[in-house]
1. Let a ≥ b ≥ c be the square roots of the eigenvalues of the Cα gyration tensor of the range 42-178; is it rounded (a/c under 1.5), or, if not, prolate (a/b larger than b/c) or oblate?
2. Given a 1.4 Å probe and heavy atoms of the protein chains only, how would you sort W182, W242, W155, largest accessible area at the top?
3. Just subtract the alpha-carbon distance of L106 and T65 from 0.36 nm times their residue separation and send over the number in nm, one decimal.
4. Ignoring ligands, DNA and RNA, how do R334, R318 rank by accessible area with a 1.4 Å probe, largest first?
5. I need the P(r) histogram for the range 162-209: all alpha carbon pairs, bin width 5 Å from 0 out to the longest distance, whole percents.
6. Shape verdict for the range 280-405, please, from the Cα gyration tensor: rounded (a/c under 1.5), prolate (a/b greater than b/c) or oblate.
Amino acid sequence: MALPLPARAPATAAGLRLLAGPEAHVPLRAIDGQDFTRRVIAVAFLIRLLSLVAGVYGLEDGTVTTGVLLVIALLGITSYLGTARGGRLPRIVVRHPLVAMVDVLLVLLVVYVVGVNSPLVFATFSTALLVGVVFPVPVAVLFGIVLVGGYTATWQATGASPGDLGFPIVFGTPLLYLCLIWVGAAVRSVYAEQVDVMRALATSHALRTAAEERARLAREMHDSLAKTLHGIALGASALPVWVRRDPDRAAEAAEQLANDAERAAREARQILERMRADEPDRPLAQVLGERCRAFAAEHGGTCTFTASEVVDLTSDVRYEVIAVIDEALRNVARHAQASEVTVSLDAVGNEAEVVVRDNGRGFVPPAAGSRRRGHYGLEGMHERATVAGGRLQVESTPATGTLVRLLVPRGDRA
């Protein structure tokens, strides 16, 4: 029998902002109500164990009978089973909540055997907390009535008057039982609300991520693939005219269409590769580290990744950063003939710094703002850095290797 948490109203946007940041990752264990309940049950048994130790210490000479020893042993065993690492008792209570009824009967037996005046009664308080956590409020109240009723019947069976026993024993202990049940129920209710908020946050995050991916794909297609396809469409519409008027020109146009179609396919593959490379739910350092390891496995040599601290970027900036680093690594593979590559991610004030360094053949970088044949990759990297609100620096000389430094603004990922 699984232990369900009570249903709550949908979480508010304000609650989402209070509990987590806009890009919080919600692990499954964070919304596992049964795991939380097991932990609280284990805490309740730990309280029982400590109370039992205090109660045994407070026993007076001559009050330790065979029955008391049996009670101490029984409470000690259940406390140990409830607090032992990897113990199964909390799991059993979660799966079969009616087991808690046995614990209530055990408490009443303890009170009956040791008497309401015994310090061992302290060890029974944890049961009230357990009942409040495990059961819904109506059932917890019912068990509370049973607990208080049984306790009251026990002291009444002794024939003592309330004045002889005193207020703490006659009224204080039952009231404490009820208060602990209320505390357990409150903890259960608060955590149930938090579970609903975390689930709503996880759903909101998934929807936002999907929307960002669609918008990002639309931008990529507009910036590259759409333009290429538009050129193919214009060329295809003009091809019949050239076939009738100038077959040689038509052949050139057909060849150009084939080249443009191949370029469109290549751009589509690049877009898909970049989309797969960016996994928004994973830390940027982890993604860059895997890109570095994949580069070393594919091209040989060594590729070392380092990160000095956690760096958060907005989704758009993060995407452009990964695209720039991918292009830098591709340039190393194509031209550098390097045996060692290092990639680093650091925080520099309000900016994030990503550096790709190799020990390859190097080259003479084109002057700023100039366009040189064969350096379209560098031009695209500069454009992406500008889109991300940052700047790109390329330092290289022949035979000394190349350093590519990308600086982009830091910030909470949105």
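1. Verdict is oblate for the range 42-178.
2. Listed by decreasing accessible area, they come as W182, W242, W155.
3. Computed gain between L106 and T65 is 13.0 nm.
4. R334, R318
5. 5, 19, 12, 11, 10, 9, 9, 6, 6, 5, 4, 3, 2, 1
6. Oblate shape, in that a/c is at least 1.5 and b/c is the bigger or equal ratio.
The values are calculated or read from the model by the stated rules, or taken from the named source; none is laboratory data. None of these values were measured; they are calculated from a predicted model. Areas reflect the complete protein model, heavy atoms only, side chains present, ligands, DNA and RNA absent. Shrake-Rupley method; radii C 1.70, N 1.55, O 1.52, S 1.80 Å.
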